Amino acid sequence: MKQIVYITRKLPEEVVAPLREKFTVRMWEEEEIVVPEEILKEEAKSAHALWTTITDQITREVMEGAPNLKVVSNFAVGFNNIDIQAAKELGITVTNTPNVLTETTADLAFALLLASGRRITEAEAMLRGGKWTSWSPMQLTGMDVFGATLGIIGMGRIGEAVAKRARGFEMNILYYNRTRKMDTEEMYGYEYVDLDNLLKRADFVLILAPLTEKTKNLIAKRELSLMKKTAVLVNASRGGIVNEQDLYEALKAGEIWSAGLDVFETEPVSVNHPLLTLPNVTALPHIGSASIQTRLAMMKLNERAIGDVLEGRVPNHIVV
Ligand code: DGY
């Protein structure tokens, strides 16, 4: 009997085809709708591999109910949607898709930084809304990016890729990370600082850290109060790292200048979310890695990892 692969989202046939040659492939046939939890659990019962996305909660319960499960391959670099400890205990391999999305995500993070500093979406909305009556001296004035200080929270591969871009804008780069990176610091002149120092000094604070127990709510009322009134906060990682209520209050009270958010604590974010009522928020629907080339490259990594595990080889990009 062929081993079973369950894919939790409709993916392009060309990407799935190599798996169909060797395994029985079942797929949730919706592109825009998350597979319901009961269906996921039911499918997991017989699956040898799960190809998941960040919208699927792969809990201990899901994995304990899947006696044949050998691998969960997540279509993302982040894996906070998977109970990693449970996977480890149950001997299930978890893989992710790093590297191929680094530059694409760094492009988006930098775009968000520019857009929220220079009020780009707000300006476009004014124009499209027929409210542009005249050029005027201080209309839609924002914050300079060139020569400003950028503070990166989470200096992993994507952080370094953003820092490379920021050097072209002659930005001073501060970073805060779990581990200090002496080699790149010396090579590129980044400055390692503690979190409070970064928040006090940066004109642009960019969050790129993974969501973990330690980073949950890392940026809340106290941290926001340390930032400059003219500072811009950009989050291109996971919504749960920022306390959204505290961010809303800080933005509304003018304690910080603006925010650029590609991620929210609960996604998809409701149109009634308080942050979306603020003109100084640039909001995007979690599109950091969304270029055609990158999304296809991510899928290729998942397809290979699943094939490798099911055929007894060691896959690349093992999380556990
Ligand atoms: C990731 O890879 O973790 C992104 O957030 C989804 O593409």
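Using equal-weight Cα scatterers in the Debye expression, the normalised intensity of segment 1-115 in log10 at q = 0.10, 0.20 Å⁻¹ is -0.32, -1.09. Convex hull volume of the Cα atoms of the chain, normalised per residue: 149 Å³.
In terms of surrounding Cβ atoms within a 10 Å radius of their Cβ, TRP135, TRP51, TRP28 rank from fewest to most as TRP135, TRP28, TRP51. Projected label points at ILE292 and LYS229, each 7 Å from Cα along the beta carbon direction, are separated by 4.8 nanometres.
Segment 7-29 and segment 107-139 have Cα centres spaced 42 Å apart. The calculated FRET efficiency for ASN177 paired with THR133, based on their beta-carbon distance and R0 = 30 Å, is about 0.05.
Ignoring everything except DSSP H segments at least 4 long, calculate the 222 nm mean residue ellipticity for the chain; use -39,500 (n - 2.57) per segment, divide by total residues, nearest 500. Walk me through the numbers on the way to the answer.
On the way: 12 runs with 118 residues, N = 320.
Mean residue ellipticity, 222 nm, calculated: -11000 deg cm²/dmol.
Projecting the Cα atoms of VAL71, ALA109, THR55 onto the charge dipole of segment 23-142, computed from C-beta unit charges around the Cα centre, puts ALA109 farthest toward the positive end. When +1 charges are put on Lys and Arg Cβ atoms and -1 charges on Asp and Glu Cβ atoms, the dipole computed for segment 1-132 relative to its Cα centre reaches about 220 debye.
Given N residues in segment 271-320, what is Rg(Cα) / (2.2 N^0.38 Å)?
Here the answer is 1.86, to two decimals.
What you get for the chain, charging only the Cβ of Lys and Arg (+1) and of Asp and Glu (-1), is a dipole of about 420 debye around the Cα centre.
Pairs LYS88/LYS164; LYS2/LYS88; LYS10/LYS181; LYS131/LYS252; LYS41/LYS221; LYS10/LYS216: which are spaced more than 28 Å apart, C-alpha to C-alpha?
Details: LYS88/LYS164 36 Å; LYS2/LYS88 25 Å; LYS10/LYS181 40 Å; LYS131/LYS252 22 Å; LYS41/LYS221 39 Å; LYS10/LYS216 31 Å.
Beyond 28 Å: LYS88/LYS164; LYS10/LYS181; LYS41/LYS221; LYS10/LYS216.
Values in this text are rule-based calculations from the coordinates and carry no lab data. Owing to the predicted nature of the structure, the values given are computational and were not obtained by experimental measurement. A quick note on method: Cβ atoms are made from the backbone with ideal geometry, for glycine too, and the neighbour counts reach across all protein chains shown.
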